[in-house]
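Input: a single structure, listed below in structure tokens.
The values are calculated or read from the model by the stated rules, or taken from the named source; none is laboratory data. This structure is a prediction, so every number in the text was calculated from the model and none was measured. No Cβ is skipped: glycine too gets one built from the backbone with ideal geometry, and neighbour counts run over all protein chains shown.
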Amino acid sequence: MDKKILRLLIIDDSADDADIPVSVLRKNGYMLKSQRVQDLAGIQSALNKAKWDLVVSEYRLPHLGAMLALDTVKHLSPDLPFFVLTKKINDADLIEVMRAGARDVILKSEPARIVPAIERELAVVEEWGNYKKTAALLQEIENKHQAMIDGSMEAICYSHDGMHVDANRAYLDLFGYGGLEELEGVPVLDLIDKSDHARFKRHLRKADKNNKKPAEPQEFQARKKDGSKAKIYVSVSVINIGGEDCTQIVVDEASKHGRSDTDSGETGLRDPLTGVYKRDYFLQALAKAIGQVKGGGKASALLYVELDGLKAINERFGKAAGDRLLRQVADYFGDTIDNAVISRFGGDEFAVLLHDNNQKNAEAVAEKLRQCVKDASRAAIGQPKAAKCTLGLIMIDRTAASVEKILSLAYGACEQAKKQVHSPAATSAPQEETRTPQVESGSRDLKMWRPRIQKALDYGAFQLVYQPVINLIGDPSEYFEVLIRLPGDDDELISAGEFLPAAEQSGQIHEIDQWVIKHALTGLADLHKRGQKASFFINLSQHAPQNKGLVPLIRQSLRENGVAGEHLILETDESTIGNDPQAAEEFMRDVTRLGCRISLDNFGARLASLGHLRNLPIEFLKIDAALVRDIATDNIKQLVLKTIVQIAKLLNKKTIGKCVEDEDTLSLLYSYEFDYLQGNYFQYANTQPEFAFAGETTLSSDTDPPGGSWPPTS
């Protein structure tokens, strides 16, 4: 720091001792204005008449101690640094005076310490002064900003972790809230119609990914406090408030600008299924990009993406599965690419316009898009190889002729790529269960399976997958069934039905049950730490009750992971009761003492199990898949299911309808008043425990399911 004139107040009864700090500071280049005082009246007078930079005091004075001097200084000048420069001091007094606020204690026999100690404190004082000035300036700016926000005609709110933390009057009025206290703690997503939830989440994420650059305004359907709906335009950006990043959301009501769904607003420009732009808007954006590059702007790139296998997926799994795939592809594209216009160009075609790009970056994006299609296929129908894509890449530079020419070149590049890398087998219908060649050649070969299973156990190579269980009774919890898969060739996952029979024969089934419990609870604990209070249905083998080490393992894993037992639902097959009723009952009672819940799988296959329901602590009945399949055309199955649900209600058991593959099955099971539903119609088992369909966890009476209104209509 600059050595300006230093104003030094010295409290000492010895003029010679008072000269020690003065002499040392002058030798080190300081110009001084100093004054010596030796009593309380002198201290008060000096502090009232002049401004000082620091105080140096002897600890022991004839009529005044350093503690009293320090109290006086703190009272009259709270920020003034106070030093003790003394001949001697014991440890207790040193600690006392330092705790009282002295900046340092220096012995007069150690004058070399004086300058470094004083310079350190002067630097602190300078920084503190700068801080106070900055804080005052910041407060002034914040006050002006708040006044501007409060007086703005635009509706503005601030959110943190998805929750409202502040909003101006215009925002409250727009959504029908009387005051901020009504809105605090309300998720921002609650003010957006459920049909737009997925797209709105992507819009929020764009603000983060663009390095705090405001995301382009988009149109959404809003839901006001009174339940009415309105079209709004939303722009988002990230700002820092109080040291934390918050999202600033600016909302503009579409009706104020005379816009409607039939105008050229966002809704009219976007594909209703995927939420990406329609072809017409993309063509306009492409024309604009060509004009910009010809005017000296940076080059752009066009990626023409054609999905392979969509027709086969529609034929094999139904139109709903194909629609899920298209939505997932669009979602993954949007989450992966920045500074781009994404369009659904045709039934199974997408076009991506990359702004300000070069060949190398565009090729890297193309590789990311290929992976996106693979990931989307896995998420939508559980098979990463069911859908692939072919891409055509064209750079848009100053030689670009026209929109039509660029599109023609991109389409041609896509067709050429298809000839080079695709074979007829690539578009064949996907199989229901993915297998490696080794699996197909000997799925029951114990000698082949045993070492593969043991290797997976030794190296933790099994893969858990999760399928949502959708509740119809307004239960706010999230439920997932946990299933085990064995990685095969080419990232394919082998279903449990392929290798578990061999594990039962080899005796490895108990180790697999234990592996699933330990790893599932670790994953569940991670979800809970992130605030996602999910519960897992864990499928156990029919031999689990005979495994005497399983209950202690469950107890230990719950304790180690800090998971409450109520979040663990152990699922055992109905046949388990018939095979060994005593062991099954003992196992169920042991785990329910830990707080866990019990689900009985494949219920309804054996009528004899009805007699056990009254006496066993079973909470959930998951209906046998054979009773659910083809129910729309089987009157006998319909009657059986109605009866089972009625019996379950009498016994206070919750029913789960699984293997829901189509809307007809969904409609019937809903009408029979099932409590929960599960199946590929909603979502295929995925490697991540998440709901991919618009973020919903329930399908209650006021909720729209994927693809239509709810409740289903005939």
Checklist entry - Within the group Pro689, Pro617, which residue is in contact with a helix residue (DSSP H, G or I) (Cβ under 7 Å, 6 or more places away or on another chain) and loosely packed, with under 14 Cβ neighbours inside 10 Å? => result Pro617
Next on the checklist: Quick check on the stretch 594-614: of everything there that is crowded, with 21+ Cβ neighbours inside 10 Å and modelled with pLDDT under 90, which residue is farthest from the chain's Cα centre (by Cα)?
Outcome noted: Ser609
Next on the checklist: Looking at the stretch 81-99, I want the residues that are without any contact (Cβ under 8 Å) to a residue 40 or more places away in the chain and have a partner that is of a type in the set (Ser, Thr, Tyr) and loosely packed, with under 15 Cβ neighbours inside 10 Å with Cβ atoms under 9 Å, at least 6 apart or on another chain. Which pairs are those?
Outcome noted: Lys88/Ser109
Item to check | Members of the stretch 307-330 that are surrounded by 22 or more Cβ atoms within 10 Å (Cβ to Cβ), of a type outside the set (A, V, I, L, M) and either modelled with pLDDT of 85 or more or part of a helix (DSSP H, G or I) (or both) | outcome: Phe317, Gly322, Arg324, Arg327, Gln328
Item to check | Answer from Gly258, Gly265 - the residue that is farther than 26 Å from Val329 by Cβ, at pLDDT below 80 and among the small types (Gly, Ala, Ser) | outcome: Gly258
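Matching residues to (1) at pLDDT 85 or above; (2) among the hydrophobic types (A, V, I, L, M, F, W, C):
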| site | (1), (2) |
| --- | --- |
| Glu142 | no, no |
| Asp150 | no, no |
| Ile156 | yes, yes |
| His160 | no, no |
| Met163 | yes, yes |
| Leu172 | yes, yes |
| Gly176 | yes, no |
| Val186 | no, yes |
Checklist entry - Does Ala123 count as modelled with pLDDT under 90 and either within 18 Å of Leu68 (Cβ to Cβ) or surrounded by fewer than 13 Cβ atoms within 10 Å (Cβ to Cβ) (or both)? => result yes
Checklist outcome for this item: Selection from the stretch 337-352 of residues closer than 18 Å to Gly412 by Cα and in contact with a helix residue (DSSP H, G or I) (Cβ under 6 Å, 6 or more places away or on another chain) yields Phe345, Asp348, Ala351
Checklist entry - Does at least one position in the stretch 355-370 carry a residue that is assigned to a strand (DSSP E or B), farther than 25 Å from Glu663 by Cβ and hydrophobic (A, V, I, L, M, F, W, C)? => result no
Item to check | The one condition in (1) more than 20 Å from Lys201 (Cβ to Cβ); (2) part of a helix (DSSP H, G or I) that Asp375 fails to fulfil | outcome: (1)
Checklist outcome for this item: Among residues of the stretch 55-106 being among the hydrophobic types (A, V, I, L, M, F, W, C) and assigned to a loop (DSSP other than H, G, I, E, B), the residue nearest to Gly129 (Cα to Cα) is Leu80
Item to check | Residue, nearest to Glu315 (Cα to Cα), within the stretch 638-663, restricted to residues that are basic (Lys, Arg) and surrounded by fewer than 16 Cβ atoms within 10 Å (Cβ to Cβ) | outcome: Lys642
Checklist entry - How many residues are modelled with pLDDT under 80 and outside any loop (DSSP other than H, G, I, E, B) when one looks only at the stretch 389-411? => result 0
Item to check | Verdict on Ile484 being closer than 28 Å to Phe317 by Cβ and at pLDDT 90 or above | outcome: yes
Next on the checklist: Which of the helices (runs of 4 or more DSSP H) found entirely inside the stretch 456-570 contain at least 2 residues meeting this: more than 22 Å from Gln678 (Cα to Cα) and without any contact (Cβ under 8 Å) to a residue 12 or more places away in the chain?
Outcome noted: 509-529, 550-561
Next on the checklist: I'd like the full set of residues that are surrounded by 18 or more Cβ atoms within 10 Å (Cβ to Cβ), part of a strand (DSSP E or B) and among the hydrophobic types (A, V, I, L, M, F, W, C), limited to the stretch 1-52.
Outcome noted: Leu6, Leu8, Leu9, Ile10, Ile11, Val37
Checklist entry - Looking at Ala502, is it within 21 Å of Leu621 (Cα to Cα) and either charged (D, E, K, R) or in the same structural domain as Glu574 (by TED's automatic domain parsing) (or both)? => result no
Checklist entry - Where residues in the stretch 571-602 are of a type in the set (A, V, I, L, M) and not in a helix (DSSP H, G or I), which of them is farthest from Lys622 (Cα to Cα)? => result Leu594
